[in-house]
Amino acid sequence: VSASSSSQTETASAVGSTVVPSKMKAWVYDEYGGASVLRFDEGVSVPAVEEDQVLVKVAAAALNPVDFKRRLGKFKATDSPLPTVPGYDVAGVVVKVGNRVKGLKEGDEVYGNINEKALEDPKQFGSLAEYTSVEEKLIALKPKNLDFAQAAGLPLAIETANEGLEKAGFSAGKSILVLGGAGGVGSLVVQLAKQVFGASKVAATASTGKIELLKSLGVDLAIDYTKENFEELTEKFDVVYDTVGQGEKAVKAVKEGGSVVVLTGAVSPPGFRFVVTSDGAALTKLNPFLESGKIKPVIDPKGPFPFSKLVDAFSYLETGRATGKVVIYPI
Ligand SMILES: NC(=O)C1=CN([C@@H]2O[C@H](COP(=O)(O)OP(=O)(O)OC[C@H]3O[C@@H](n4cnc5c(N)ncnc54)[C@H](OP(=O)(O)O)[C@@H]3O)[C@@H](O)[C@H]2O)C=CC1
Ligand SMILES: CC[C@H]1OC(C)=C(O)C1=O
């Protein structure tokens with residue numbers, strides 16, 4: 001990341017019909033810490049494009065809790081070097097392709113999570129920038145019916161929802177309780193469970209103001225956690241999917257022989273925890289459900305936040321009260 005300087009001569013490379021500048025605007029942090037370490041830099045070098053990568057002109061990005069946990073230094077042992085341009089989720093247009101790219105071309109509208117393993121050497125140059133480079137295998141063509149802001153909010157969350165349900169062996173006719181049904185991941189777990197995996201019953205927890213949203217997403221049993229404790233229900237579930245960090249209570253709500261998916265916090269059998277793997281093929285598999293409207297992106301109505309308001313967007317996400325996804329658009 002070069003120091004921002006207006007004296008830098010702007011050299012652009014003409015790639016096909018697209019002119020790609022050598023410098024771009026991006027949000028950067030040089031040290032770990034709170035949202036105050038974020039700075040806006042107008043002279044960041046446009047990332048190189050490896051042979052198996054494409055360069056995406058970013059139209060929209062989305063925030064995930066891993067972005068602020070990483071910025072706080074929680075994963076510094078396996079992080080890429082500082083300074084960092086944060087951001088995992090991207091939606092935009094391909095403007096350059098590497099020599100070994102087979103399935104994408106300039107002009108394709110794509111979306112994806114740019115980091116194959118969320119915590120292992122995530123890219124130094126993330127999606128909160130005007131351009132980002134990403135391996136072809138990690139992205140997919142954007143669903144035709146979604147705009148860039150809607151698409152940007154999907155990748156990491158829907159990949160996590162899908163991977164957790166698959167790892168839990170969730171299948172048609174089974175019941176599921178989702179802890180945190182109104183969040184970025186939870187709002188997709190409740191939909192995938194019903195629409196893709198064929199759940200017989202979907203229960204979910206949220207606070208009072210989010211109960212109607214749960215019902216609109218197809219939840220059969222919406223539990224207001226400010227009024228009742230899910231672990232005291234007599235009904236038990238084949239799978240409990242914890243997105244909140246309530247793994248210890250979650251195991252009290254699962255049937256004998258069932259599975260408990262835990263995304264964060266302590267876990268004990270039959271609970272298990274995993275870290276999401278980015279996979280463009282998984283997005284491609286889910287595209288028909290998105291294009292048919294069976295699965296709907298949920299964007300927090302406080303957004304989308306414009307690029308200049310990234311610090312406000314992070315501060316809001318870090319309250320833990322977001323409804324669906326916090327999206328950054330326009331860039
Ligand atoms: N292991 C992995 O690979 C991954 C882990 N994660 C982790 O999973 C967690 C969830 O991620 P994400 O969905 O993006 O987070 P969000 O920031 O979207 O979660 C916010 C939501 O959580 C809900 N919530 C908070 N507390 C409770 C509660 N006690 N009961 C029910 N709902 C609650 C809020 O609803 P309300 O306002 O009603 O409380 C709000 O809608 C994070 O800790 C994240 O780091 C996420 C993705 C991948
Ligand atoms: C260990 C879970 C960690 O990984 C991701 C992607 C998060 O959001 C986490 O908290």
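On the stretch given as segment 71-98, residues that are touching a Leu at 6+ places or on another chain (Cβ under 8 Å) and either in contact (Cβ under 8 Å) with a residue 60 or more places away in the chain or under 16 Å from residue 26 (Cβ atoms) (or both) total 8.
Being surrounded by 19 or more Cβ atoms within 10 Å (Cβ to Cβ), within 13 Å of ligand 1 (Cβ to nearest atom) and outside any loop (DSSP other than H, G, I, E, B) is the requirement here; does residue 314 meet it? The answer is yes for residue 314. Kindly evaluate residue 142 against the criterion of being crowded, with 24+ Cβ neighbours inside 10 Å and of a type in the set (Lys, Arg). Yes, satisfied.
Taken over segment 73-103, the criterion of being loosely packed, with under 15 Cβ neighbours inside 10 Å and within 13 Å of ligand 2 (Cβ to nearest atom) is satisfied by 74, 77, 78. Might you let me know whether segment 283-297 holds any residue that is within 15 Å of ligand 1 (Cβ to nearest atom), in a strand (DSSP E or B) and within 21 Å of residue 184 (Cβ to Cβ)? Within segment 283-297, none of the residues are within 15 Å of ligand 1 (Cβ to nearest atom), in a strand (DSSP E or B) and within 21 Å of residue 184 (Cβ to Cβ).
For (1) out of contact with any Pro (no Cβ under 9 Å at 6 or more places or on another chain); (2) among the aromatic types (Phe, Trp, Tyr); (3) more than 30 Å from residue 140 (Cβ to Cβ), each residue gets a yes or a no:
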| position | (1), (2), (3) |
| --- | --- |
| 156 | yes, no, no |
| 163 | yes, no, no |
| 170 | yes, yes, no |
| 222 | yes, no, yes |
| 249 | yes, no, yes |
| 253 | yes, no, yes |
| 261 | yes, no, no |
| 264 | no, no, no |
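Please determine whether any residue of segment 254-277 is farther than 22 Å from residue 67 by Cβ and within 12 Å of ligand 1 (Cβ to nearest atom). So far as segment 254-277 goes, yes, one or more of its residues are farther than 22 Å from residue 67 by Cβ and within 12 Å of ligand 1 (Cβ to nearest atom). Selection within segment 304-328: residues that are over 16 Å from the mean Cα position of the chain (by Cα) and small (Gly, Ala, Ser). The member of this set that is farthest from ligand 2 (Cβ to nearest atom) is 308. Note on segment 185-279: enclosed helices (runs of 4 or more DSSP H) holding 3 or more residues that are within 16 Å of ligand 2 (Cβ to nearest atom) are 186-195. Within the option set 204, 193, 199, being within 13 Å of ligand 1 (Cβ to nearest atom), buried (at least 21 other Cβ atoms within 10 Å of the Cβ) and without any contact (Cβ under 8 Å) to a residue 60 or more places away in the chain holds for one residue only, 204. If you check 159, 163, 130, 120 for being of a type in the set (Asp, Glu), in contact (Cβ under 8 Å) with a residue 24 or more places away in the chain and within 27 Å of residue 42 (Cβ to Cβ), only one passes: 130. Candidates 262, 251: the one that is free of Cβ contacts under 8 Å to residues at least 60 places away in the same chain and more than 23 Å from the chain's Cα centre (by Cα) is 251.
Any read-out appearing in this document is the output of simple, stated calculations on the displayed coordinates, not a laboratory observation. It should be emphasised that the depicted structure is a prediction, and the values quoted were computed from it without experimental measurement. FYI the Cβ positions are ideal-geometry reconstructions off the backbone, even for glycines, and counts take in every protein chain you see.
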